[in-house]
Amino acid sequence: MSSNRVVIVTGDPAVAAAVCAHVEALGYGVAAVVGTSREAIYAAIDYAPFAVLIDRELRGDLQAEELLSALRQVLQVEGLMIETAAADGLPHRPRGSRFALPVLRLHGDRAPFDAALHRLAAAGQPQSPSAREHHD
């Protein structure tokens, strides 16, 4: 069973604080904030979050895209990306990513990310018996 909490993966304390505030403002909890892919995998196992939010700038054993793939394939945990912006407002990384997922841009439109997070949360929550009867 999934919780209504997420795990945040970033090595940047400022990014962690901004993402925690945003997630909590949306009504979700933060189970853990970790700085490495290894810690992210352990946190996903320990806390069973409905999503793991991964900083695209993550460096280490696994980079962000590899961690997302591992979480999905091995633990069946969904993830979303966090994108920070440079002082000039341009992304740190080129936009030519293979992800077709909404990205939380700390300096931009957050609505697509918010909608995706709400969908993941709803998908991770068990339905009540009356809700299941309406779908049958």
Top-ranked residue in region 8-23 [being free of Cβ contacts under 8 Å to residues at least 60 places away in the same chain and part of a helix (DSSP H, G or I); ranked as surrounded by the most Cβ atoms within 10 Å (Cβ to Cβ)]: Ala16
For Ala31: the one exception among (1) modelled with pLDDT under 90; (2) within 13 Å of the chain's Cα centre (by Cα): (1)
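Residues in region 42-58 that are β-branched (Val, Ile, Thr) and either part of a strand (DSSP E or B) or within 13 Å of the chain's Cα centre (by Cα) (or both): how many? Give the derivation first.
Taking region 42-58 first, the residues β-branched (Val, Ile, Thr) are 45, 52, 54.
Next, from what is left, pick out any that are either part of a strand (DSSP E or B) or within 13 Å of the chain's Cα centre (by Cα) (or both): 52, 54.
Number of matching residues: 2.
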Test set (1) in contact (Cβ under 8 Å) with a residue 24 or more places away in the chain; (2) surrounded by fewer than 20 Cβ atoms within 10 Å (Cβ to Cβ); (3) farther than 23 Å from Arg119 by Cβ - Ser37 fails condition number: (2)
Some residue of region 89-108 being at negative phi and modelled with pLDDT of 75 or more: no
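The values are calculated or read from the model by the stated rules, or taken from the named source; none is laboratory data. Just so you know, these numbers come straight off a predicted model, no measurement behind them. Cβ atoms come from the backbone with ideal geometry, glycine included; neighbour counts cover every protein chain shown.
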